[in-house]
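This report refers to the structure that appears directly beneath it.
Only the coordinates and a few stated rules stand behind these numbers; no lab work does. These figures come from a predicted structure and were not determined experimentally. Note that we place each Cβ from the backbone using ideal geometry, even for glycine, and neighbour counts take in every protein chain shown.
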Amino acid sequence: MLVEAAKLAPRYDPDLALLYAREKQKGNANRAKLAVARKLLAYLLAVDREKRDFVPIREFSSTAA
């Protein structure tokens, strides 16, 4: 599931797009997708570890202001 999500994630998140581009330069597109999937997993684990709801960055930045 995360690999499928990693195909779309760089389109919506500039940080993940940068990660994808950097990893694609080092190797091939499949390796870059795996790097994005690993980053998504790290995000999910961080949210789970903190026992809080996931809040997209757009909503987080508008509520923090």
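Quick notes on this one:
- Per-peptide average of other Cβ atoms within 10 Å, ordering 40-51, 25-36 highest first: 25-36, 40-51
- Shape of segment 1-41, Cα gyration tensor, a/c cut at 1.5: oblate
- Arg38 versus Leu18: modelled label distance in nm, points set 7 Å from Cα along the beta carbon direction: 1.8 nm
- Inter-label distance, nm, simple model (7 Å from Cα along the C-beta direction), Lys7/Ala46: 2.6 nm
- Working note: Karplus 6.51/-1.76/1.60 with θ = phi - 60° gives segment 20-32 the couplings 4, 5, 5, 6, 5, 5, 6, x, 10, 5, 5, 5, 5 Hz, where Gly and Pro are set to x.
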